[in-house]
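The values are calculated or read from the model by the stated rules, or taken from the named source; none is laboratory data. Bear in mind the structure is a predicted one, so any value in this text is a computation, not a measurement. When we count neighbours, we look across all protein chains shown, and the Cβ atoms used for this are built from the backbone with ideal geometry, even at glycine. Just so you know, the surface numbers come from the protein's heavy atoms only, side chains and all, with ligands and any DNA or RNA stripped out. Shrake-Rupley method; radii C 1.70, N 1.55, O 1.52, S 1.80 Å.
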Amino acid sequence: MYYEKKYSLRKPERKKFTLSNFVGYDENKKSRTLPCDYVDCVFNYGFKNNKLVNSYGVSKFKKGGYEFPPLPEVKGRHGVFCTTMIVDDLPRFTALISYAGEVAFCVQGDKEWRTMKTNKSMAHTQGTIYYVNNEPCLFLAGDDGVEWFANNIFYVAMGEPVLDLCVHYERLFLVVKGIHNSVWFSQAGNPMVWEHEIDKGGYINFDGTVGEVNVIRSFNNYLYVFCDYGIYRLTAYGDQTQFNLKKIYTSSGRIYAKSVTVCGEYIAFAGDEGIFLFDGYGVSRYTTKVNHLLSEGYDDIYACYSRNKYIISFTNEKTTDYGLYNEKRANNMLLIFDIFDKSVNVMRGVSLKYLCAVNEKTCCKVVAISDDCDTFVELDDSGLYLGEPMLKYWESGEIDFGRPADVKLLKSVEYSAKNEYYLGIICNGERQEFLLSPNEKKKSLYIKAKEFKFYIRSDNPVDEILPPTLVVDFLK
């Protein structure tokens, strides 16, 4: 006798997953399951109250309603210095641009730039303020030595090639080029006297065991000497016979000299092994999560500190696999680190160099020069780049939902949106994008694979993206 066979199809296991609660940027907390709260690939988005929102922006710099005139055209190597100087008994924001044999300068309120001949033929690359007769004077240094600027006149301080300089206990300290470089210091109270005598100036040679000397910083009553692979602490106050030098840190990776910045209670710096905070006694790793971004651009670094933020710009020309931000340009990335809450914001596709912090009682801003603007620009919280929306991008890691052997079917995504954005899915060597519109609440997907990558991108003037929910079937 013949009996008809009956088959019962097993209903797939269905679950809902929040894609991400949008907490932050941290490669050490990536997850292969959802929610993917932390990621290591996000550009121009910020995180706020479990939403993706606008990050920082860039606009023309204004101070007290004043906008600087267009920058002078400068070719070749040059240096840019921004500071506050007393003009007519009032603090005025002052900018100088040094290039071969000349300096262009502009004081807040000027309608045009003025130029002056210097005593040297090369551009200055470093600068610091030193008070001469209780008046702030700008000392500039470069391959031709040190000059100082006061009352619209340049005076020669010394003629050796200088890499860096700073003021510490009424002495001017310099990093002077040499076999391993050396640190020179002036007479206390007189930056014009450099003779090597016990009651005047002097110098300290280094043996090169931690590389060449590159940077000096005055911090917490000591002078810290940063080399390629280590840090010395110099006790340097009072009589120079009491000076004391001690090596306090050795690094296995290179310290990026141009990144070294005093940040309140710390000195922050970038290196081959991450971002570090130095408190004067020990070094702690702030983060390793940006190493892949910094690996190519450390020669072009500019850094500053403002309002608890350590900010560095650099060049990264790596082509991304999602086809965004491929334009090759100098200093196209900006990292903003919050020293206290350890958060990170990443800007990409910009042009920001010669960073300078303007930290006054009535004005705390980060000023820079951009290839896309003819005058100074400033960092703001608009989320716009010189008035235009920025392309923003967030990407998860590989997601297998904790079940790597199972095939998953992405059925749909449920969401709530104020502005449209794209949800992208990468799997099986292919990429698919879905436009999520504010007029809908659900979008069918129907994509089958064992693991997926998800990304979100948008270019709205204002973004506020809530966590979407994925409906997933697990197929046996």
Subject >> Members of the range 427-476 found to be under 30 Å from the mean Cα position of the chain (by Cα), aliphatic (A, V, I, L, M) and either under 26 Å from V407 (Cα atoms) or assigned to a loop (DSSP other than H, G, I, E, B) (or both), listed by number >> reply: I456, V462, L466
Original post:
Residues of the range 207-219 being in a loop (DSSP other than H, G, I, E, B) and either under 23 Å from C137 (Cα atoms) or out of contact with any strand residue (DSSP E or B) (no Cβ under 9 Å at 6 or more places or on another chain) (or both), which ones?
Top reply: D207
Original post:
Listed residues A95, A100; which is of a type in the set (A, V, I, L, M, F, W, C) and open to solvent by less than 50 Å² (accessible area, probe 1.4 Å)?
Top reply: A95
**OP:** Grab the strands (runs of 3 or more DSSP E) fully contained in the range 12-68, keeping just those with 3 or more residues being more than 15 Å from W394 (Cβ to Cβ).
**Re:** 13-18, 57-60
**OP:** Say whether the condition of being within 26 Å of D459 (Cα to Cα), at pLDDT 75 or above and touching a strand residue (DSSP E or B) at 6+ places or on another chain (Cβ under 8 Å) is met by at least one residue in the range 315-325.
**Re:** yes
Original post:
Which residue pairs have Cβ atoms closer than 7 Å, lie 6 or more positions apart in sequence or on different chains, and pair a first residue in the range 414-430 that is surrounded by fewer than 19 Cβ atoms within 10 Å (Cβ to Cβ) with a second residue that is in a loop (DSSP other than H, G, I, E, B) and among the basic types (K, R)?
Top reply: E414/K441; S416/K441
**OP:** Please give the number of the condition E102 fails out of (1) of a type outside the set (A, V, I, L, M, F, W, C); (2) closer than 25 Å to E73 by Cα; (3) touching a residue at least 24 places away in the same chain (Cβ under 8 Å).
**Re:** (3)
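The rows are residues; the columns are (1) crowded, with 19+ Cβ neighbours inside 10 Å; (2) modelled with pLDDT under 90; (3) of a type outside the set (D, E).
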| site | (1), (2), (3) |
| --- | --- |
| Y2 | no, yes, yes |
| N21 | no, no, yes |
| Y25 | yes, yes, yes |
| R32 | no, yes, yes |
| V53 | no, no, yes |
| P69 | no, no, yes |
| L90 | no, yes, yes |
Subject >> Residue satisfying condition, being open to solvent by 10 Å² or more (accessible area, probe 1.4 Å) and in a strand (DSSP E or B), within set L379, L410 >> reply: L379
Original post:
Which one is farthest from the chain's Cα centre (by Cα), of the residues in the range 200-232 that are within 18 Å of V167 (Cα to Cα) and open to solvent by 80 Å² or more (accessible area, probe 1.4 Å)?
Top reply: Y203
Original post:
Is there any pair linking a residue in the range 61-75 that is over 19 Å from E102 (Cα atoms) to one that is acidic (D, E), with Cβ under 8 Å and at least six apart or on different chains, and which?
Top reply: F61/E67; F61/E378; K62/E378
Original post:
Within the range 81-120, how many residues are β-branched (V, I, T), within 16 Å of V367 (Cβ to Cβ) and out of contact with any Leu (no Cβ under 9 Å at 6 or more places or on another chain)?
Top reply: 2
**OP:** Say whether the condition of being at pLDDT 90 or above, among the aromatic types (F, W, Y) and not in a strand (DSSP E or B) is met by at least one residue in the range 350-364.
**Re:** no
Subject >> Enumeration of residues in the range 183-206 that are outside any strand (DSSP E or B), modelled with pLDDT of 90 or more and of a type in the set (V, I, T) >> reply: V193
Subject >> Residue satisfying condition, being in a strand (DSSP E or B) and under 24 Å from D143 (Cβ atoms), within set C106, C82 >> reply: C82
Original post:
Which pairs have Cβ atoms under 9 Å, sit 6 or more apart or on different chains, and link a residue in the range 243-264 that is modelled with pLDDT of 90 or more to one that is of a type in the set (S, T, N, Q) and buried (at least 18 other Cβ atoms within 10 Å of the Cβ)?
Top reply: I255/N214; A257/N214; K258/N214; V260/N214; V262/S218
